[in-house]
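Reviewing the structure listed below.
The values are calculated or read from the model by the stated rules, or taken from the named source; none is laboratory data. Keep in mind that this is a model prediction, so the values were computed, not measured. Here the Cβ positions follow ideal geometry from the backbone for every residue, glycine too, while neighbour counts run over all protein chains shown. Areas reflect the complete protein model, heavy atoms only, side chains present, ligands, DNA and RNA absent. Shrake-Rupley method; radii C 1.70, N 1.55, O 1.52, S 1.80 Å.
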Amino acid sequence: MQGDKIDDARSLLEDFARSGFNPPLDFLWLVGMVGWAEVAIACREPEYAEPIFDRLAPWADQLPYIDLSTEGPVSLYLGGLSAVLGRYIEADAYFARSANFCERADANCFAAQTDLWWGRMLVERNSPGDIERARRLFSRAHASAVAHGYGGIEHDAAEALRHL
């Protein structure tokens, strides 16, 4: 998300917070919650990330879907939310879980997204070895995106590599 889009997203998160972070408990609940998680991750807002994390945590090993559309594994979003919260060890574990899920499911797009978000978390944490590990993850995400036509991930991974 860019500039004014982040402001719009933050406004929507504020509305969601006023609802108590409780969308209707129906067949769309999990898909909706990972959507909100993605918005909270993009906005980098811990006050919104934590309650969304708490609601999604029991579903870590699930894959939200509706009809023919699917989102990434819930563990991917939990990793991103953990990173926003500064809980890097937890984020690392959730991203590893997401990567494992994606490998087993042969879910290349979500594997590339996992690598991208995981790499960003490592850059943010910046512990010894993290930057080189992030470079490998960004490179893998970029290669997969190029090979499979994931334009957004290709762009974001290339930008991440340029900024290392």
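Residues of the range 47-93 that are within 19 Å of Gly119 (Cα to Cα) and open to solvent by 20 Å² or more (accessible area, probe 1.4 Å): Leu85, Gly86, Arg87, Tyr88, Ile89, Glu90, Asp92, Ala93. Looking only at residues that are closer than 13 Å to Arg120 by Cα and outside any helix (DSSP H, G or I) in the range 137-164, which one is least open to solvent (accessible area, probe 1.4 Å)? The selected residue is Leu164.
Taking residues in the range 6-22 that are surrounded by 11 or more Cβ atoms within 10 Å (Cβ to Cβ), and partners anywhere that are β-branched (Val, Ile, Thr), the pairs with Cβ atoms closer than 7 Å and at least 6 places apart or on different chains are Ala9/Val39; Leu12/Val39; Leu13/Val39; Phe21/Ile52.
A single member of Leu63, Leu116 is part of a loop (DSSP other than H, G, I, E, B) and either closer than 21 Å to Gly151 by Cα or modelled with pLDDT under 95 (or both), and it is Leu63.
Taken residue by residue, the range 126-133 has no member that is closer than 23 Å to Met33 by Cα and open to solvent by less than 40 Å² (accessible area, probe 1.4 Å).
Can you tell me which residue is farthest from Leu161 (Cα to Cα) among those in the range 97-106 that are surrounded by 20 or more Cβ atoms within 10 Å (Cβ to Cβ) and among the hydrophobic types (A, V, I, L, M, F, W, C)?
Once the filter is applied, the top-ranked residue is Phe101.
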